[in-house]
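The structure under discussion appears below in the form of structure tokens.
The values are calculated or read from the model by the stated rules, or taken from the named source; none is laboratory data. This is a predicted model, so every value here is computed, not measured. Every residue, glycine among them, receives a Cβ derived from its backbone with ideal geometry; neighbour counts consider all protein chains shown.
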Protein chains: 2
Amino acid sequence: MIPVILAGGTGSRLWPLSRTLYPKQFMTLQGDGSMLQATMKRLEGLPKSPAMIITNEEHRFIVAEQIRRIGEQLSALILEPFGRNTAPAVALAALESLKLEEDPTLLVMPADHVIGDIHNFQKAVMAAKKSADTGKLVTFGIFPTEPETGYGYIRAEGVNARNKETDGASYPVAEFVEKPNLENAQKYLQSGDYFWNSGMFLFKASRYLEELGTFQPEILKACRAAMKQTSRDLEFHRIDKAEFEACPADSIDYAVMEKTKDACVVPLDVRWNDIGSWSALWEIGGKDQNDNVILGDVINYDSHNCYVNTSDKLVATVGLKDIVVVNTKDAVLVATKDKVQDVKQIVETLKEKNRTEYYNHREVYRPWGKYDSVDMGARY
Amino acid sequence: MIPVILAGGTGSRLWPLSRTLYPKQFMTLQGDGSMLQATMKRLEGLPKSPAMIITNEEHRFIVAEQIRRIGEQLSALILEPFGRNTAPAVALAALESLKLEEDPTLLVMPADHVIGDIHNFQKAVMAAKKSADTGKLVTFGIFPTEPETGYGYIRAEGVNARNKETDGASYPVAEFVEKPNLENAQKYLQSGDYFWNSGMFLFKASRYLEELGTFQPEILKACRAAMKQTSRDLEFHRIDKAEFEACPADSIDYAVMEKTKDACVVPLDVRWNDIGSWSALWEIGGKDQNDNVILGDVINYDSHNCYVNTSDKLVATVGLKDIVVVNTKDAVLVATKDKVQDVKQIVETLKEKNRTEYYNHREVYRPWGKYDSVDMGARY
């Protein structure tokens, strides 16, 4: 089994902490290490080969240094010149893996998720492995706790998603559903037939490529061509830019999982969080007596249910409810908690205006996950 | 007539812009000059002697420089070692004025109010002068526009406070009322019998001292003693600290105006604002199409009715309603607009903790009203 870690996200909804040149998967948002490091660490003890990481070329030194710091080795560090979504990224990893082992099983994981219960996670992986060995394409389903409209849903057969007791089995997928509206999300939650789509998968490399070739032959073709021209530069695998440019962008869900007849789901009861927005960080954070999450030098007066994070000076709040305040050296964000998804609109504006606040911090989160006041300039 | 400008306030409700060592009256919050400079400027054209200013000893150089910059002379700059509220401050000025002229009329004005219509202001002053010449103690009443609970009220006789047409006359005061609750404030507003108490006054120096001697002889006695020991240091009048320490603290309203039988009110229709809080600055500020007041580098997305003021970096807001955000070099304030009065609670906390954010900015508003990045240390 080869872990395949997708570390290509931009994390724009966590601006101003997360920046295009230093996205959230490289930050320490919880616990000791970065999210990428935590993703590696939660594999310890599983029977596996060294992991592969797929990331953007711009982030190669950050990844290499973070991996070096935790004393890990990689099977490969594959660098994309630009993102083409998850289906091509996994295809690149699958093609590379077949050079290393005879049809390995791939455990595909985003680098920016939080998993609280590593024991249950590893149990589920081993259960999924049994199904993958029979040729199934396994997706991991999260027991839903609220009618979340920001996630895709998976309708499963033969299992109740409202009952967290599972027997380590996998269940046939009846249907993948895109992000629903609130009404449908409420129905899904009540029915007990639906899991949240975690974005984690497990399958044999050959089966993935087979199904990709059936449903999205263009992607497979472009990825094959891009991998043929791989140049190695130290430990970095650079793929062929021109060939990859021709590759259609598509998610693994759309391209393969929703179309294959061999999809199954393994329920995951692991205190999962995709840290998709500032409200998620409020949810998983330690609260004070007024249900505020506070990080840094903060004085609250009569404020409740707020997330306040400051890294460079005092933040004082008065009479706030359900507000997010994030202060970094070059920008302050103040947002209503139920509108935090729209932080990406701010990031879009900054990008259009080519502002430095889009690219990076004036101070920088160093690759090893420490906060540092050295100015590395607007671009690496 | 000698203008007497009270420049001893702390302006804690405008923290983090206003600081104990650089309070709001010395800042340029609107227009070209500081509030103190604007207070001086609005006297131009009136028949008067040079003004007196009473301020805290700590602010003497700021006052002197701001006055020098606008090319004005002062009759006196009286320095209090500590504040004892307005009744003693005016007594000190009255005693000093009697050394300069034969029973001058004093026009008492706080240094931190905004007056939009200077023509009407000067007309009202001249009307008040006629009453003062007959021995009356004149207070200026503001036509109320809403049931404000943060002001004192004045009940007048023979004039309708809902009708802004006045004949330049003064009217007998029936009653002074302390800050009312909302219910009473609404009654006052509807009745048409009540004006807001502006904190501006006009009377002969002798009459003020006479009434003070009647109603608060301790204050008069302490102020006389403190003024006897005045030492001149350049242009500064330092009063005797030990004698002044014995002086009871009291407001001019409590000590004299509410008790004298000779109080009268001159209505003032001048677009007055006491800039008592951040919401006042929102009210008088220029609004964008979403009714936000924006100062500095701000990007709003879906925010309404907000006041956002930043002096040192980008502030981005998402989905806010009725929120105040003020960012200075060493502190960020985020407050709900209808709770901004409680900003003083934050200032109290900072004072208790002896934090630098209480004393001054890391960067400093220079005495001449310009923003400057030179660090003058935590204390002048």
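Go through (1) at pLDDT below 95; (2) surrounded by fewer than 16 Cβ atoms within 10 Å (Cβ to Cβ) for B:Glu148 and report which single condition fails.
That leaves (2) as the condition not met.
Filtering the stretch A:138-172 down to residues that are assigned to a loop (DSSP other than H, G, I, E, B), of a type in the set (Ser, Thr, Tyr) and touching a helix residue (DSSP H, G or I) at 6+ places or on another chain (Cβ under 7 Å), which residue is nearest to A:Asp193 (Cα to Cα)?
A:Ser170
Of the residues A:Leu36, A:Leu92, A:Leu100, which single one is more than 18 Å from A:Cys247 (Cβ to Cβ), aliphatic (A, V, I, L, M) and in contact with a helix residue (DSSP H, G or I) (Cβ under 8 Å, 6 or more places away or on another chain)?
A:Leu36 is the lone residue from the list that is more than 18 Å from A:Cys247 (Cβ to Cβ), aliphatic (A, V, I, L, M) and in contact with a helix residue (DSSP H, G or I) (Cβ under 8 Å, 6 or more places away or on another chain).
Just wondering, is there one or more residues in the stretch B:80-91 that are at pLDDT 95 or above, hydrophobic (A, V, I, L, M, F, W, C) and closer than 11 Å to B:Leu202 by Cβ?
no
Anything in the stretch B:244-257 that is surrounded by fewer than 19 Cβ atoms within 10 Å (Cβ to Cβ) and within 16 Å of B:Leu212 (Cβ to Cβ)? List them, or say none. I'd like the intermediate steps shown before the answer.
Step one: list which residues in the stretch B:244-257 are surrounded by fewer than 19 Cβ atoms within 10 Å (Cβ to Cβ), which gives B:245-246, B:248-249, B:251, B:254.
Those that are surrounded by fewer than 19 Cβ atoms within 10 Å (Cβ to Cβ) and within 16 Å of B:Leu212 (Cβ to Cβ): B:Ala246, B:Pro248, B:Ala249, B:Ser251, B:Tyr254.
Which pairs turn up if I take residues in the stretch A:1-23 that are within 14 Å of chain B (Cβ to nearest Cβ) and look for partners that are assigned to a strand (DSSP E or B) and at pLDDT below 90 with beta carbon separation below 9 Å, at least 6 apart in sequence or on another chain?
Hits for this filter: A:Ser12/A:Arg19; A:Leu17/A:Tyr365; A:Arg19/A:Tyr365.
So is A:Leu98 in a helix (DSSP H, G or I) and not polar (S, T, N, Q) or not?
So A:Leu98 fits the description; yes.
From the residues in the stretch A:286-303 that are crowded, with 17+ Cβ neighbours inside 10 Å and closer than 23 Å to A:Thr145 by Cα, which one is farthest from the chain's Cα centre (by Cα)?
For the stretch A:286-303, the residue satisfying everything is A:Asn292.
Suppose we keep only residues that are outside any loop (DSSP other than H, G, I, E, B) and within 23 Å of B:Thr336 (Cβ to Cβ) within the stretch B:1-43. Which one would you say is modelled with the lowest pLDDT?
It comes out as B:Arg19.
When A:Pro267 is evaluated against the numbered criteria (1) surrounded by fewer than 24 Cβ atoms within 10 Å (Cβ to Cβ); (2) away from chain B (no Cβ under 14 Å), which criterion, by number, is the only one it fails?
A:Pro267 satisfies all of (1) surrounded by fewer than 24 Cβ atoms within 10 Å (Cβ to Cβ); (2) away from chain B (no Cβ under 14 Å) except (1).
Residues of the stretch A:212-233 being within 24 Å of the chain's Cα centre (by Cα) and surrounded by fewer than 16 Cβ atoms within 10 Å (Cβ to Cβ), which ones?
Hits for the stretch A:212-233: nothing passes.
For A:Val326, are the conditions met, namely being at pLDDT 95 or above, surrounded by 23 or more Cβ atoms within 10 Å (Cβ to Cβ) and out of contact with any Ser or Thr (no Cβ under 9 Å at 6 or more places or on another chain)?
No, not satisfied.
Scan the stretch B:44-94 residue by residue and report those that are of a type in the set (S, T, N, Q) and either under 16 Å from the mean Cα position of the chain (by Cα) or assigned to a strand (DSSP E or B) (or both).
Within the stretch B:44-94, B:Thr55, B:Asn56, B:Ser75, B:Asn85, B:Thr86 meet the criteria.
Taking B:Phe176 as the residue in question, decide whether it is at pLDDT below 95 and in the same structural domain as B:Ala255 (by TED's automatic domain parsing). So that I can check it myself, show each step before the final result.
Numbers: at pLDDT below 95: yes; in the same structural domain as B:Ala255 (by TED's automatic domain parsing): yes.
For B:Phe176, the condition - at pLDDT below 95 and in the same structural domain as B:Ala255 (by TED's automatic domain parsing) - is met.
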